[in-house]
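Asker: Let me give you the structure first, and then I'll get to my questions.
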Amino acid sequence: MLVSVAAALLLAGLAATPARAQDEPAAKGELAKTGTVAVSQVKLVNGTRASRLIGASVYNDANEKIGSVDDLILAQDDKAAVAVIQVGGFLGAGGKLVAVPYHQLQLEKDNKVILTGANKDSLIAMPGFTYGG
């Protein structure tokens, strides 16, 4: 019986120990460790959600609609490298996909995307973009 009481006290003591440091919240700007994945606690000040860009209309500097953003391709450094633009077609069908460097896009309010110096003909003249395996 004495062994049972000692075991119960030992288990109660283990249950009352504080949580490990890895489970404590990270200070602002640090990484919080959750298992084997580190999650950033930093609030992004400058950034755009991909879901807001994909499907957005693309205009040229003359305010003519020249296409829409079909997709974004990320480089290994987790930055958008290429925007896939759909040009031509009707209601999103039958258009041609072309790839333009992401840095050439200017993002404005109301999901408006500007591609200066371009027009539908110049985009249609570009080589078509296809997704690799």
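Asker: Hey, among the residues in the stretch 91-129 that are assigned to a loop (DSSP other than H, G, I, E, B), of a type outside the set (A, V, I, L, M, F, W, C) and at pLDDT 90 or above, which one's nearest to Ile73 (Cα to Cα)? Walk me through how you get there before you give the answer.
Answerer: We begin by selecting, within the stretch 91-129, every residue assigned to a loop (DSSP other than H, G, I, E, B); these are 91-92, 94-95, 108-112, 116-119, 125-129.
Then drop every residue that is not of a type outside the set (A, V, I, L, M, F, W, C), which leaves 92, 94-95, 108-112, 116-117, 119, 127-128.
Among the residues that remain, those that are also at pLDDT 90 or above are: 116-117, 119, 127-128.
On the way: Thr116: 20, Gly117: 22, Asn119: 22, Pro127: 17, Gly128: 15 Å.
Selected residue: Gly128.
Asker: Right, here's the next one. Quickly run through the stretch 52-62 and pick out the residues that are surrounded by fewer than 17 Cβ atoms within 10 Å (Cβ to Cβ) and either among the hydroxyl-bearing types (Ser, Thr, Tyr) or part of a strand (DSSP E or B) (or both). Steps first, answer last, please.
Answerer: Looking only at the stretch 52-62, we keep the residues that are surrounded by fewer than 17 Cβ atoms within 10 Å (Cβ to Cβ), and these are 52, 54-55, 57, 61-62.
Ser57, the sole residue that qualifies.
Asker: Further question on the same structure: Can you name the number of the only condition in (1) surrounded by 13 or more Cβ atoms within 10 Å (Cβ to Cβ); (2) modelled with pLDDT of 85 or more that Thr48 fails?
Answerer: Failing condition for Thr48: (2).
Asker: Additional query: With respect to the numbered conditions (1) out of contact with any Lys or Arg (no Cβ under 9 Å at 6 or more places or on another chain); (2) part of a strand (DSSP E or B); (3) at pLDDT below 90, which one is the sole condition not fulfilled by Val39?
Answerer: (1)
Asker: Ok, one more. Which is basic (Lys, Arg) and surrounded by fewer than 10 Cβ atoms within 10 Å (Cβ to Cβ), of Lys65, Lys109?
Answerer: Numbers: Lys65 fails: surrounded by fewer than 10 Cβ atoms within 10 Å (Cβ to Cβ).
That would be Lys109, the only listed residue that is basic (Lys, Arg) and surrounded by fewer than 10 Cβ atoms within 10 Å (Cβ to Cβ).
The values are calculated or read from the model by the stated rules, or taken from the named source; none is laboratory data. This is a predicted model, so every value here is computed, not measured. Glycine also receives a Cβ, built like all others from the backbone with ideal geometry; neighbour counts cover every protein chain displayed.
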